[in-house]
1. Using a simple spin-label model with points 7 Å from Cα along the Cα→Cβ vector, what separation in nm is obtained for residue 357 and residue 2?
2. Mind ranking 49-60, 175-186 by how tightly packed they are, going by the mean number of other C-beta atoms within 10 angstrom, highest first?
3. What is the sum of charges, Lys and Arg at +1 and Asp and Glu at -1, for the other residues whose Cβ falls under 9 Å from the Cβ of residue 565?
4. Considering only C-alpha atoms, what is the centroid distance from the stretch 198-231 to the stretch 71-147, in Å?
5. Dipole of the stretch 466-580, Cα-centred, from +1 at each Lys and Arg C-beta and -1 at each Asp and Glu C-beta, to the nearest 20 debye?
6. Charges only on Cβ, +1 for Lys and Arg, -1 for Asp and Glu: so what's the dipole of the chain about the Cα centre, in debye to the nearest 20?
7. Suppose each label sits 7 Å from its Cα in the direction of the beta carbon; what would the residue 453-residue 60 distance come out to in nanometres?
8. Hey, got the dipole for the stretch 86-183? About the Cα centre, +1 on K and R Cβ, -1 on D and E Cβ, debye to the nearest 20?
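All of the numbers you see were taken from the coordinates with simple rules; none came from a lab. This one's a predicted model, so the numbers in the text were calculated from it and none came from an experiment. Here Cβ is always computed from backbone atoms with ideal geometry, including for glycine, and neighbour counts include all displayed protein chains.
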Amino acid sequence: ASAALVLLCGSAAAVVVWKWLGKRQIQKKMEEARRTRDEGLKKMAKAVQQFREQIPSVQTDAILSLPLMELTGRLHEGSLSPKTVLYTYLEKALEVTEQTNCIRHFIPECEEQLQEIQQQKEKGLLFGVPISIKDHIGHKGHLSTCGLVQCLGTPMQEDSVLVKVLKKQGAIPFAMTNVPQSLFSYDCSNPIFGRTLNPFNPQKSPGGSSGGEGALIAGGGSILGIGSDIGGSIRLPSSFCGLCGLKPTAERLSVWHTPLLNVDICSHPAPVPCALGPMARDVDSLALCMKALLCQEMFQLDPTVPPIPFDEEVYSSSAPLRIGYYDTDDYVPLPPCMRRAVEETRRALQAAGHKLVPFSPPRICYVMNELFLKTFFADGGRAWLDVFTGGIVDPSLKPQVNCCKIPRLGKKLLALILKPLVRLFKQFLLLLKLKNVAMISTCRSVKEMWNHHHQIEVYRTEFITRWRELQLDVMLCPVLGPAFTMGYPGKLLAAVSSTMLYNVLNFPAGVVPVSTVTEADEEELKLYRGSCGDPWDRMLKQAVAGAVGLPVAVQCVALPWREELCLRLMKEVETLSREK
């Protein structure tokens, strides 16, 4: 008996030691990643200092204030050198990341790319333009971490197709930006590289998952960036940070060699695809980026991308548009300032000669719970939980992770308890910690999964039919905002219904800032009750409070493959809001 007791105690001790060693190894990996990041930033600072010593008289503010269209013109004509522009933006990026922690890694190969573009026979459309890219967009020799410990081992073996095309067009990728852990969040924090702050207010989130891009560009440290979007991950940071951002139709730009939601591990489902797209300070910059990317080089490198060049005629047209509009999806009533933005933009567009047609998006409750969330939690969230090596979970994700850990039987019991309560209300409540995970039915068989895919196609057909019955060209609608206070995005997952809809539909959608939060908006927010005045409505109210002066945006949408038309509406909205 004593021998058995000794053996049992020894086994228990061995398990404890083994777990401790595993956690220690994880900590070492994380420390090494942070050390590599910090050393890269020091090299970046040293390179900037050397340039400053060589050319002390650079007009930094003048260069940083140039819009992209004007900057590319100056670079092409030779009145500005790519070297001067690159080091000017490197210097500013260092300043912005010191304030916001937005850069995950400096790309030292940018100096090699600077030399290579001088050898190009023809100057590309983005000749000499410094560009930032989101953490998981593949760049040779660098990690695509998705904020996950298990992705810290193997650098990418080659550039993603998107990066290859950017380089071919003369752009200079110089920084990879921070993301939330696993990318499945619209906050921007992970246990390895920490939290990114909003450059306008450090108490606020920059949005996510392209939050590092949002903070860097809004802070002036990058003039053009590439993000990704699977539920609003380009549009939400653009809304929170006052930027223009475009989520194209998913297949319009190549995603080859770009791990999506850590696709190699998670087997990312196809019905709601991820799209890569540009983020910038104005709409013309987005259009130029799309024009540069939609070239023969991309079509040759990735034969799955339809060879459809950018249609400049559609983008530049001045013909009146027939525009559908709505200011709420009746799922998450947005704060007063966001609805005000839609109404003011609607009036401005109507006064400019466009036809505005009321539209009501169908069955958003069903779309959110059955189509969108079921796509990602078809297995009850088990595949997603597997990516959190060693149980290292960022605090911003703990509400969702804890819900996924509830055993299936527990979820069924919670669903039985909650369903009678839900029927008492006009719509599903935002029972985020319970409803959005506990009440989601999983796909228990291949047949159910195929049926789920079919239901998404049925909904897309229904939506397009309604769109065509009204003979719409484009859509004006709200986007979530203003910027949330830190920590709230993780508690309000379902609040992304305004952006998520167009991922399910796979429509191109973009965000344009049109206003800022006023004192009057803040007063009106005090009267906000949401759907039912329940705890989750109160939480949304708390999340957006204290936002006076922060950006307020609207969302513009077009049918699939009509990015140019979407950008056309965005440009019109931008012009009218600036005139106002």
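1. 9.0
2. 175-186, 49-60
3. It works out to a net charge of -2.
4. Between the Cα centre of the stretch 198-231 and that of the stretch 71-147, the gap is 17 Å.
5. So the dipole magnitude of the stretch 466-580 works out to roughly 260 debye.
6. Charge dipole of the chain: 2020 debye, to the nearest 20.
7. For the pair residue 453/residue 60, the computed spacing is 5.4 nm.
8. Roughly 300 debye for the stretch 86-183.
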